[in-house]
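Here's the structure we're looking at; comments come further down.
The values are calculated or read from the model by the stated rules, or taken from the named source; none is laboratory data. It should be emphasised that the depicted structure is a prediction, and the values quoted were computed from it without experimental measurement. Reconstructed Cβ throughout: ideal geometry from the backbone, glycine too, with neighbour counts over all protein chains shown. Just so you know, the surface numbers come from the protein's heavy atoms only, side chains and all, with ligands and any DNA or RNA stripped out. Shrake-Rupley method; radii C 1.70, N 1.55, O 1.52, S 1.80 Å.
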Amino acid sequence: AAVETRLEAVEAHRSAVEDHLEAFETRLEDVEADKAAVEDHLENVKADKAAVETRLEAVEAHRSAVEDHLEAFETRLEDVEADKAAVEDHLENVKADKAAVETRL
């Protein structure tokens with residue numbers, strides 16, 4: 001009877017160890033799945049970061065192009081203002097010449 005009781009206890013312990021091992025294996029699978037999900041998320045974050053950096057570079061290039069365009073516009077505006085002043089001076093000269101011609105007539 002003592003041997004049978006001991007045998008039952010050993011069997012119960014073996015069964016408990018198997019249950020524990022099965023639970024451990026299930027938990028290990030869960031951890032591996034979590035690890036895979038975290039690694040996938042990390043890859044997505046890296047891809048998002050690269051996309052943001054690329055977009056930031058494009059925005060910076062656009063900003064630089066806009067600044068260049070604005071500078072060219074300001075230069076052109078200065079040229080137009082200088083041309084306007086030259087035309088106005090020429091117009092004054094023409095008026096003076098006309099007045100001189102009319103005076104001589």
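The table that follows gives values for the structure above.
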quantity	calculated
Heavy-atom accessible area per residue - the chain, 1.4 Å, Å²	92 Å²
Segment H62-D79, length gained on full extension (0.36 nm per residue, minus Cα span)	3.6 nm
In Å², nearest 10: area of L7 left accessible to a 1.4 Å probe	120 Å²
Label point distance in nm, V101-T26, each placed 7 Å from Cα along Cα→Cβ	10.9 nm
Percent carbon-and-sulfur accessible area, region 1-84, ignoring ligands, DNA and RNA, probe 1.4 Å	60 percent
Region 71-93-region 7-39 distance, computed between alpha-carbon centres (Å)	87 Å
Lysine pair count for the chain [Cα-Cα under 26 Å; pairs on different chains or 8 or more apart]	4
Cα→Cβ-extended label distance, 7 Å offset, between E8 and E53, nm	6.8 nm
From the C-alpha gyration tensor of the chain, square roots of 5λ in Å	99, 6, 5
Whole-Hz couplings from phi, Karplus 6.51/-1.76/1.60, listed for region 83-96; x for Gly and Pro	4, 4, 4, 5, 5, 4, 4, 4, 4, 4, 5, 4, 4, 5
